[in-house]
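> First the structure, which I've put down as structure tokens, then a few questions once you've had a look.
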Amino acid sequence: MQRKLAHNPSALSVRPSAVLALVVLLALIPLPVAAQDTAALVEQGKTAFEDGDYAGAASLFERALAAGETTESRLYNLAVALFRAGRLDEARARFEQLLPMTDSPALVHYNLGLVALEQGRPAGARGHFSDALVLDRDGRIAALAVQQLDRLGVAPRAGSRDAWRALVQAGGGYEDNLNLAGDQLVASTSVFQEAFAWGRAPLWRRGALSLAASGVASARHYSGYDGADQTLARPGLVLDYRGTPALSVGAEAASEWQWLEAERVSRRADIALYLDWSPGRGLMQLEVGAASVDAGEDFPELSGSDRFFELAYRHPVADGLVAAAGYSWTEENRDGLVAGDDFFSASPVRHRLRGSMDYALSARWSVSAEAVWRLSRYQEDEVRGGTRTLRRREERWRLRLGSEWEVSDNWHLTLSGEWESNHARLESRDYRRTEVRVGIRRAFGR
């Protein structure tokens, strides 16, 4: 999705500040009890906790829970005490028991993230902190979640309305077919240097409704090959409404400029409606929209309009492992290119399937893999020398492998390799391409 920023999981062992944050959160839920005996046990448990006797506090809270009905506050206090006593599996189970009954899911997900960090499950921690960021209503938990995600080197999802965030990355690489030539003998190879920046900042908020500014900019320069340098800028506005803790809807309006060799090639303006739903720890995203494209005087055949739809889902599968899958549909309507007796269609309907896996190998090292299959069916017959030919039909496979190493807080080294193969009915449209990239990334935010 265009408003989303893909990222890989990274890892970090729990910090003392993270543990202190959990203790502070203990005060956010009151401790009401119905019966006198359970009230006494709870008070004794609070005293033991304040004295640093976490094992004793956990035992007292367990007795209070067994003596009366299961309430949110009793479960929460027990889970916190279990965490401080080092009984992490039990703490995790109690926090997870809270999720279906709590009115404060952001708080529970935040604490589950802290448990995951202490257990050495950075990808699980990332998922819980991201959920806390999206589900929080008043910003208190979100601020803590942003700090943890910042340490994990993760950009928050678009739903995090109260924090400004930014990423910058610089690097370079090698590409063996930058002009997408069908014949590898005439394919142009080149090393390149590139830079990328992304940012998001809140502008206004009233209750569940918020407005934020977002932006993406990138540039790539090819060494030893003229006419291929690329620059992109995409500013936008995002209006978000969170009706429930697990559901948000909104709209994005954006304008995108692309330049080739410092000359503007095209301008794209689009508007999209989206829905984000968090069923448990997963995240489902739906987006529909339309765009108008002005390719300028040099490429009038590429001017026209688009319609698009996308559905995606991501979910933590196991400790350190996050899986994602998605489908998108795009209909591009263009004028096409007329050259003498030839006509080249530029109006495909595209279907795309995507699957990816991210895995944290250690506290600072993660790897990822992604496969994308795209089918393009062009809507008009092509003409060569006055004779109609078959409509173009292309299948493109793209495979990517990546690795990321956390050098220090907010600094990451990245390495990736990408292979792409396009098969078309017209042989001249067949090509293969390989690319290798290395970069360094810095995250900013509050």
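> Tell me the helices (runs of 4 or more DSSP H) entirely within the stretch 9-80 that contain at least 3 residues that are at pLDDT below 50, under 17 Å from residue 115 (Cβ atoms) and of a type outside the set (Asp, Glu).
Passing ranges, in order: 16-25.
> Any residue in the stretch 288-313 that's in a loop (DSSP other than H, G, I, E, B): show its pairings with residues that are among the charged types (D, E, K, R) at Cβ separation under 8 Å, as long as the two are six or more apart or on different chains.
Short answer, once both residue conditions are applied: 295/301; 296/264; 296/267; 298/263; 303/294; 303/334; 303/335.
> Another question about this same structure. Sort through 214, 190 and tell me the only one that's assigned by TED's automatic domain parsing to the domain that holds residue 315, within 18 Å of the chain's Cα centre (by Cα) and among the small types (Gly, Ala, Ser).
214
> What is the residue count in the stretch 225-276 for residues that are within 18 Å of residue 302 (Cα to Cα) and within 19 Å of the chain's Cα centre (by Cα)?
0
> Suppose we filter 401, 390 for residues that are of a type in the set (A, V, I, L, M), at pLDDT 80 or above and surrounded by fewer than 17 Cβ atoms within 10 Å (Cβ to Cβ); which single one remains?
Going through 401, 390 in turn, the sole match is 401.
> Name the strands (runs of 3 or more DSSP E) wholly within the stretch 326-367 that hold at least 3 residues that are surrounded by 14 or more Cβ atoms within 10 Å (Cβ to Cβ) and in contact with an Asp or Glu (Cβ under 6 Å, 6 or more places away or on another chain)?
Hits in the stretch 326-367: 348-360.
> Being charged (D, E, K, R) and either at pLDDT 95 or above or over 26 Å from the mean Cα position of the chain (by Cα) (or both): is that true of residue 342 here?
Here the answer is yes, as residue 342 does meet what is asked.
> What residue, among those in the stretch 107-122 that are assigned to a helix (DSSP H, G or I) and surrounded by fewer than 24 Cβ atoms within 10 Å (Cβ to Cβ), is modelled with the lowest pLDDT?
Among those residues, the one meeting the criterion is 118.
> Could you please give the count of residues in the stretch 313-323 that are surrounded by fewer than 18 Cβ atoms within 10 Å (Cβ to Cβ) and either aliphatic (A, V, I, L, M) or more than 24 Å from residue 116 (Cα to Cα) (or both)?
4
> Between a residue in the stretch 227-239 that is over 28 Å from residue 251 (Cβ atoms) and any residue that is surrounded by 15 or more Cβ atoms within 10 Å (Cβ to Cβ), which pairs come within a Cβ distance under 6 Å, given they are 6 or more apart or on different chains?
The qualifying pairs are 228/178; 228/222; 229/221; 230/220.
> Also, quick follow-up: So, in the stretch 110-143, exactly how many residues are of a type outside the set (Phe, Trp, Tyr) and under 19 Å from the mean Cα position of the chain (by Cα)?
Qualifying residue count, the stretch 110-143: 18.
> Report the residue count in the stretch 197-215 for those that are assigned to a strand (DSSP E or B) and touching a residue at least 40 places away in the same chain (Cβ under 8 Å).
7
> Kindly evaluate residue 391 against the criterion of being assigned to a strand (DSSP E or B), in contact (Cβ under 8 Å) with a residue 12 or more places away in the chain and more than 29 Å from residue 441 (Cα to Cα).
No: the conditions fail for residue 391.
> Out of everything in the stretch 72-89 that is of a type outside the set (A, V, I, L, M, F, W, C) and crowded, with 18+ Cβ neighbours inside 10 Å, what residue ends up being nearest to the chain's Cα centre (by Cα)?
76
The values are calculated or read from the model by the stated rules, or taken from the named source; none is laboratory data. Computed from a prediction, not measured in an experiment: that's the story for all the values here. Note that each Cβ is placed from the backbone with ideal geometry, even for glycine, and that neighbours are counted across all protein chains shown.
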